[in-house]
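A.B. asks: I'd like to ask some things about the structure below.
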Amino acid sequence: MQFLVISPQHPDYAHHIRRLAAAFSAIDTPKDDYQDMCRQLSAGTLSLYHATGDGADLSIVGEIDGHSYYVWAIAGKGFRPGVAELLKRIKQAGLKSITYATAKTGMRRLSRFFGEVRETQNEWQENGRLCTWHELEV
């Protein structure tokens with residue numbers, strides 16, 4: 001599987017940014033959080049990767065936070081093979097875990113495919129959805 005860094009100067013940058021908006025659809029402030037992600041990508045504090053191969057075509061945004069990799073957003077297809085490769089690369093980089101938040105029940109179910117996921121926090125949002133934070137050791 002190939003992981004390509006997508007910088008703001010990359011010709012496909014706008015495509016990846018547009019499709020990542022879907023990752024924010026279930027939260028209280030999707031536009032604000034999405035725009036925050038875009039600002040941080042432009043500032044270079046977050047990284048955007050395009051994962052392809054083995055049935056995956058994913059846009060992934062994240063950052064290193066201590067000994068963990070925090071995923072801001074994932075969008076595209078081939079979640080299982082793409083995230084399996086991401087976990088392998090996180091471990092190879094010497095990080096201890098991956099962390100993320102989701103307000104989508106399908107994402108919570110699907111993430112359990114990768115091992116024992118620990119829920120670290122949860123919060124009911126004003127839109128009536130439960131947002132949960134998770135950590136998975138790699």
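The values are calculated or read from the model by the stated rules, or taken from the named source; none is laboratory data. Just so we're clear, the structure is a prediction, and the values are computed from it rather than from any experiment. Reconstructed Cβ throughout: ideal geometry from the backbone, glycine too, with neighbour counts over all protein chains shown. Remember, those area values only see protein heavy atoms, side chains included, never the ligands or the DNA or RNA. Shrake-Rupley method; radii C 1.70, N 1.55, O 1.52, S 1.80 Å.
A.B. asks: How many of the residues in the range 75-86 are touching a helix residue (DSSP H, G or I) at 6+ places or on another chain (Cβ under 8 Å), in a strand (DSSP E or B) and open to solvent by 40 Å² or more (accessible area, probe 1.4 Å)?
C.D. replies: 1
A.B. asks: What residue, among those in the range 21-39 that are closer than 19 Å to Tyr69 by Cα and aliphatic (A, V, I, L, M), is least open to solvent (accessible area, probe 1.4 Å)?
C.D. replies: Met37
A.B. asks: Hey, among the residues in the range 105-120 that are at pLDDT 75 or above and open to solvent by 90 Å² or more (accessible area, probe 1.4 Å), which one's nearest to Gly82 (Cα to Cα)?
C.D. replies: Once the filter is applied, the top-ranked residue is Glu116.
A.B. asks: In the range 40-52, what count of residues is obtained for those that are assigned to a strand (DSSP E or B), open to solvent by 30 Å² or more (accessible area, probe 1.4 Å) and either touching a Gly at 6+ places or on another chain (Cβ under 7 Å) or over 16 Å from Ala93 (Cα atoms) (or both)?
C.D. replies: Of the residues in the range 40-52, 3 are assigned to a strand (DSSP E or B), open to solvent by 30 Å² or more (accessible area, probe 1.4 Å) and either touching a Gly at 6+ places or on another chain (Cβ under 7 Å) or over 16 Å from Ala93 (Cα atoms) (or both).
A.B. asks: Something else about it: Here are the criteria: (1) in a strand (DSSP E or B); (2) crowded, with 16+ Cβ neighbours inside 10 Å; (3) not acidic (Asp, Glu). Tell me which single one Ile64 does not satisfy.
C.D. replies: Looking at each condition in turn, Ile64 falls short on (2).
A.B. asks: Those residues that are touching a residue at least 60 places away in the same chain (Cβ under 8 Å), touching a strand residue (DSSP E or B) at 6+ places or on another chain (Cβ under 7 Å) and part of a loop (DSSP other than H, G, I, E, B), I need them from the range 1-30; list them, please.
C.D. replies: Within the range 1-30, Met1, Ile27 meet the criteria.
A.B. asks: Enumerate the pairs (first residue in the range 87-105 and part of a loop (DSSP other than H, G, I, E, B); second residue anywhere and basic (Lys, Arg) and open to solvent by 60 Å² or more (accessible area, probe 1.4 Å)) with beta-carbon separation below 9 Å, excluding pairs fewer than 6 apart on the same chain, so at least 6 apart or on different chains.
C.D. replies: Ala103/Arg129; Lys104/Arg129
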